[in-house]
1. If we keep just the residues of segment 338-351 that are in contact with a Lys or Arg (Cβ under 8 Å, 6 or more places away or on another chain) and either more than 15 Å from His309 (Cα to Cα) or of a type in the set (Val, Ile, Thr) (or both), which is modelled with the lowest pLDDT?
2. When you scan segment 114-230 for strands (runs of 3 or more DSSP E) that lie fully inside it, which ones turn up with 1 or more residues that are loosely packed, with under 14 Cβ neighbours inside 10 Å?
3. Show the residue pairs meeting these rules: Cβ distance below 7 Å; 6+ apart or different chains; first residue within segment 369-394 and at negative phi; second residue part of a loop (DSSP other than H, G, I, E, B) and acidic (Asp, Glu).
4. How about segment 259-283: which of its residues are more than 21 Å from the chain's Cα centre (by Cα) and either at pLDDT below 95 or not aromatic (Phe, Trp, Tyr) (or both)?
5. Would a scan of segment 21-29 turn up a residue that is in contact with a Lys or Arg (Cβ under 9 Å, 6 or more places away or on another chain), within 30 Å of Thr141 (Cα to Cα) and modelled with pLDDT under 95?
6. May I ask you to say which residue of Ser317, Ser313 is closer than 21 Å to Trp278 by Cβ, outside any loop (DSSP other than H, G, I, E, B), modelled with pLDDT of 95 or more and of a type in the set (S, T, N, Q)?
7. Please go through segment 262-282 and give me each residue that is in contact with a Ser or Thr (Cβ under 7 Å, 6 or more places away or on another chain), surrounded by 20 or more Cβ atoms within 10 Å (Cβ to Cβ), part of a loop (DSSP other than H, G, I, E, B) and not aromatic (Phe, Trp, Tyr), ordered by number.
Amino acid sequence: MHRLLSYSVVVLLGLALVGCGNASSEVTPENDAASEGDVVGEVVMERVESEEETFQVVQLADNLEHPWAVAFLPEGDMLVTERPGRLNRVSLDGTVTPITGLPEIRSVNQGGMLDVVLHPEYEENGWAYFTYSSPQGDEVTSTTVARAQVEGDALANFEVLYTQEPAHEPGRHYGSRILFLDDGTMLVTIGDRGLRDPAQDTQDDSGATLRLNDDGSIPADNPFVGDDSVRDSHFSYGHRNQQGIDLHPETRVPWSHEHGPRGGDELNIVQAGKNYGWPEATYGTEYRDDSPIGIDPDETDEFVHPVIHWTPSIAPSGMAFYTGDVFAGWENNIFVGALAHQHVRRVVLDGDEVVHQEELLRNELGRIRDVRVGPDGFIYLLTDESNGELLRLEPVS
């Protein structure tokens with residue numbers, strides 16, 4: 001793909017806007033032995049000037065088939081999932097090595113191998129957590145959560161912790177992001193599976209945010225424990241398809257975003273026991289004729305209102321608060337991948353209010369599936385393409 005080596009056009013938005021991966025793929029470093037400050041990988045955009053920071057884009061790996069998530073191992077390697085049903089170790093020199101020992105995965109439409117997150121105490125227990133679509137019968141799948149330990153290039157001690165109930169047929173809207181909270185429990189987002197109504201059915205996991213202990217059991221202090229009308233695992237419900245979630249660095253409260261139909265993508269503060277309205281209330285409209293779905297959220301206080309909504313849709317996927325120290329101008333900003341319009345959205349907050357937005361890299365890299373802040377303070381991106389890439393944003397002077 002041809003890219004310009006100089007990029008200076010930045011679109012400013014105010015509040016009103018709203019392989020098959022090869023078994024081995026190698027990117028040659030600039031130097032055989034990289035030291036601190038050296039670039040490892042191929043610089044594909046050498047100078048991008050944005051409002052607050054100037055950076056370059058470095059390709060660390062390519063030939064990834066629809067990569068979905070990246071996690072950072074303590075020694076510096078990365079785990080990267082590919083939606084068709086693969087998990088890879090990406091080493092510091094750019095080598096991509098498949099990890100064996102995965103479970104049976106049904107990769108259909110939007111399903112497959114999805115999120116990967118390390119346990120907060122990974123260096124002590126070695127647990128890596130995964131979500132994927134598992135077969136539950138003919139054409140029926142469930143979002144599934146599992147954990148395993150990575151031993152070399154294989155998974156060991158694999159455990160299934162949770163399987164979505166009931167299973168559903170449509171191969172879409174799996175949700176599937178995992179977020180560990182400070183108390184050691186984890187939130188797991190489950191999409192509405194494209195069926196809409198189950199998101200308001202509190203006996204169906206579809207369209208819910210679940211809260212589980214790290215072993216898959218249900219915390220005794222979950223908001224609906226003791227309420228027979230709602231499953232004990234539910235933390236919140238009425239969601240469409242949440243594909244980004246992270247903890248606010250100061251309040252330590254979870255924020256998430258979700259896809260809307262033809263607009264109505266939402267950025268939300270995830271609150272225990274709350275109903276977020278889908279499909280009873282949404283800013284989105286029908287694909288076939290742009291007619292309303294449910295009621296306008298501004299006409300009711302029955303459901304939680306989003307912090308903001310994006311209409312027209314940006315199709316958000318991946319989300320990270322910037323907590324590193326190499327981009328000082330971006331401190332505590334939210335970075336969101338956008339599948340539509342192919343960009344990274346920077347969201348600036350004042351408390352819980354969005355006060356500014358900026359588009360970065362529009363139509364330069366492709367569909368952005370995941371955004372993560374690495375332990376080095378750099379921002380890492382995955383592009384959702386048949387020849388997807390693992391990319392890193394690094395500051396330049």
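1. So, considering only residues that are in contact with a Lys or Arg (Cβ under 8 Å, 6 or more places away or on another chain) and either more than 15 Å from His309 (Cα to Cα) or of a type in the set (Val, Ile, Thr) (or both), the one modelled with the lowest pLDDT is His341.
2. Numbers: elements: 127-135, 141-151, 154-163, 178-180, 186-189, 208-212.
Once the strands (runs of 3 or more DSSP E) in segment 114-230 are filtered for at least 1 residues that are loosely packed, with under 14 Cβ neighbours inside 10 Å, what remains is 141-151, 154-163.
3. Going by the 7 Å Cβ cut-off, the qualifying pairs are Arg369/Asp384; Ser386/Glu65; Gly388/Glu65.
4. Hits for segment 259-283 are Gly273, Lys274, Asn275, Gly277, Pro279, Glu280, Ala281, Thr282.
5. So far as segment 21-29 goes, yes, one or more of its residues are in contact with a Lys or Arg (Cβ under 9 Å, 6 or more places away or on another chain), within 30 Å of Thr141 (Cα to Cα) and modelled with pLDDT under 95.
6. Exactly one residue qualifies, and that residue is Ser317.
7. Gly264, Val270
The values are calculated or read from the model by the stated rules, or taken from the named source; none is laboratory data. All values reported here derive from a predicted model rather than from experimental measurement. All Cβ positions, even for glycine, are placed from backbone atoms using ideal geometry, and neighbour counts span all protein chains on display.
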